[in-house]
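Below you'll find the structure, written out as structure tokens, and then a few comments.
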Amino acid sequence: MKVITIADLFGGAYSDFISELEKNRKRNRFVDVKEIFDLAYLYKLHSKLDVKTLSTFFRGIFKVSTRRRQKRRRYILIDATSIKIDLNTWRNRRRIGKDGKPYKWSYYPSKGYYVGFKLIVAIDTENYELLGYELHNGCPNDAKILVSFLEKLYSSKKMIRGDFIICDKGYSSMKDYIATINRFFVVSIIYLRKNINIKHCTTSLCRK
């Protein structure tokens, strides 16, 4: 698992990282890998990853804040990122999503097509505490997963009325604007897309 984590952290291919460990003894001692597995074993291990397994792994890394909330307004930054799973996709590119395989091709603007998951997190901008996170199969649209994520933050009192949430333009949608203001009563600072009709959004909010 250490080899997988380090290779993914630096965005390198498993084959390159294993080759470096085999050639460079100093690096091997630094990483403290007692046994270097072959590439086929790592691909097989990765092919068994699912949301439940990754969630368990992240629970050991991410420490969601359990401190008692102070009486102040929170400014919550919400963002998402893709988690690429290295399944030797170039060689198996025609098999992904077929024959009942659990993985499918996804698309993320900054990374293009990939196979894997999407991670969404909420962070307190004042003290950088992790308030919550959620893992999704594939790459669902940011705007479609925001409301369900906010529901969990709201029910756990990590987010309350009067708080501010800050999101990039990936979360810009009519549904999200209305839900954040009229349902959760928070101030939403969501960067707008070019095609958003502000007048239409304002009219919809007033009707609600």
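The values are calculated or read from the model by the stated rules, or taken from the named source; none is laboratory data. From a predicted model like this one, the values you see are computed outputs, not experimental measurements. Methodologically, a virtual Cβ is constructed for each residue, glycine included, from the backbone with ideal geometry; neighbour enumeration extends over all protein chains shown.
If a residue must be part of a helix (DSSP H, G or I), within 23 Å of Thr66 (Cα to Cα) and of a type in the set (D, E, K, R), how many such residues does segment 121-152 contain?
The total comes to 2.
Report, by residue number, each residue of segment 158-192 that is aliphatic (A, V, I, L, M) and assigned to a loop (DSSP other than H, G, I, E, B).
Met159, Ile160, Val186, Leu192 - these are the residues of segment 158-192 that are aliphatic (A, V, I, L, M) and assigned to a loop (DSSP other than H, G, I, E, B).
Can you name the residue in segment 84-133 that is at pLDDT below 80 and of a type in the set (A, V, I, L, M, F, W, C) and, of all such residues, is surrounded by the most Cβ atoms within 10 Å (Cβ to Cβ)?
Here the answer is Val115.
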